[in-house]
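The values are calculated or read from the model by the stated rules, or taken from the named source; none is laboratory data. Note that the coordinates shown come from a computational prediction; the quantities given were computed from them, not determined experimentally. As a convention, Cβ positions derive from the backbone with ideal geometry for all residues, glycine included, and neighbour counts pool all protein chains shown. Quick note on the areas: whole protein, heavy atoms, side chains included, nothing else; ligands and nucleic acids left out. Shrake-Rupley method; radii C 1.70, N 1.55, O 1.52, S 1.80 Å.
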Amino acid sequence: MKKLYTAVDRFCARHPRFGVPDLMRWIVIGNVAVYILMLLTMRADANALAFLYLDGGKVLRGEIWRIITFIFVPASSSPFWLAVSLYFYYWIGTSLERQWGTARFNLYYWSGVLLTAIVTIVASAISGTGYPVGGTEYVNLSMFLAFAFLFPDTRLLLFFFIPVKIKWLAWLDIAVFVIGIIQSLLVGSWLGAILPVVALLNFLVFIWPAIDAFARRQKYRHNPQTVNFKKAVRQQQQQRGYHHKCAVCGRTDTDYPDLQFRYCSKCAGYRCFCQDHIFSHVHFTEEDQ
C-alpha cells in the first residue's frame, strides 16, 4: 500500500494539472441530464437508455463508450432522493478536491471508475455473460469513507434535524460494504462481491498515510507505559492537589503556575523536574525507588 501511495503521490506532483477541475459538478450535471432523458423516454421505451450502462460483454464487442457513460446513470428514480444524493456527493467531492488538489481527487475517482470497469469486463470475458452496471455506488461510498477519515468531526443533519458526526456515519458506510459483499456471495454473484472490495482497496491506497498515523496513535494511546503515566498523574493530582512537582527542589505547578515542568525519560519511574533542574539533575535509578 505504501509503495502504491508513493507512486500516486509522485504522479500528482509531476502532473499537477491532471484531471477535470470541479469534476463533481460535471458528474452531477450528467446525472441530471440522463435523469431528464429517462423521464422523457420511459413511457415510450423503458430501455431507451440501456446503452449507457456498463456491460462487459458489449464493451468487448466494441461499445467502449459504456466505460464512461455508466457513471451518469442516476442512482435513484425518486427526484427528491436523487437531488439529496447528488448534493451530498457534490459537497463531499468538492471538499476532497480542495483538500487533495484536482490531480489527486481526479485520480482517486477515475481509478475507482476504471477498476469497476476492468472487473466487470473481466467477469464478462470469463463467464461469457453480460453484467449491466449503472451508476457508481461503491465509488461514491468509498469517496464518503475518504471524507469521513479526513474530516471525522464534521457534523451532518441526519434526516435533516439530527446532528451526527461523520465518523459515526462512516460505520454505516462500512456496513453497506459488508452487507453488499455478503448478499452477493449468498446469491452467487461474485462480481457483486468483488466490486465493493475493489472500491475499498482504492480507498486504502489513497488514505494509507492517514490510516497508518491513526494506527500509530491508537497504539500509543493503549501502550501500557502511556496508560500508567496518565493514571499516575491523575492519582497524584487527586491526592496532592497538583499535577507536577520537581523531584529536586519540590516546587509544584500549583505554587508556581508559570513554571514549566518536564518528565525525564532516563530516570527510573515517573520523575518530574522543573525547568531549572530538568537538564542538571542526577538521574534516579531503581535503587532510589
Quick one: with all protein chains in place, what share of the accessible area of the chain is carbon or sulfur, to the nearest percent (1.4 Å probe)?
-> 62 percent
Once both axes come from the Cα atoms, what is the angle between helix 23-41 and the longest principal axis of the chain, in degrees from 0 to 90, rounded to 10?
-> 30 degrees
extent check for the range 148-206: Cα max minus min per principal axis, descending, whole Å, gives 39, 27, 12
Most fluctuating residue of LYS245, LYS58, LYS165 in a GNM of the chain with Cα springs under 10 Å: which is it?
-> LYS245
Give the accessible surface of the range 43-94 per residue, rounded to a whole number of Å², with probe radius 1.4 Å and ligands, DNA and RNA excluded.
-> 59 Å²
Around PRO152 (Cβ within 11 Å, Cβ-to-Cβ, excluding PRO152; K/R +1, D/E -1) the net charge comes to +2
Could you state the number of Å between the C-alpha centres of the range 60-117 and the range 1-58?
-> 5 Å
Gaussian network model of the chain, Cα springs within a sub-10 Å range: biggest mean-square fluctuation belongs to which of ILE278, ILE27, ILE36?
-> ILE278
Considering the dipole of the chain built from charges on the beta carbon (Lys and Arg +1, Asp and Glu -1) around the Cα centre, which of PHE160, VAL282, SER85 is farthest to its positive end?
-> VAL282
Compute the acute angle (0 to 90°) between the alpha-carbon long axis of helix 224-240 and the principal axis of greatest extent of the alpha-carbon atoms of the chain; round to the nearest 10°.
-> 50 degrees
Vicinal HN-Hα couplings computed from phi for the range 256-271 (Karplus, 6.51 cos²θ - 1.76 cosθ + 1.60; Hz; Gly/Pro x) | 10, x, 8, 7, 8, 10, 9, 9, 8, 7, 8, 7, 6, x, 9, 9
Which net charge results for the neighbourhood of GLY135, defined as the other residues with beta-carbon distances under 14 angstrom from its beta-carbon, given Lys and Arg at +1 and Asp and Glu at -1?
-> -1
Contact order normalised by residue count of the chain, Cα under 8 Å, 6+ apart, percent | 15 percent
Restricting to lysine pairs 8 or more places apart or on different chains, what number in the chain have Cα atoms under 25 Å apart?
-> 13
Among (i) 14.4; (ii) 17.4; (iii) 23.8, which is the computed mean projected area of the Cα convex hull in nm²?
-> (iii)
Mean-square fluctuation maximum in Gaussian network of the chain, Cα pairs under 10 Å, restricted to ALA170, ALA46, ALA13, hits ALA46
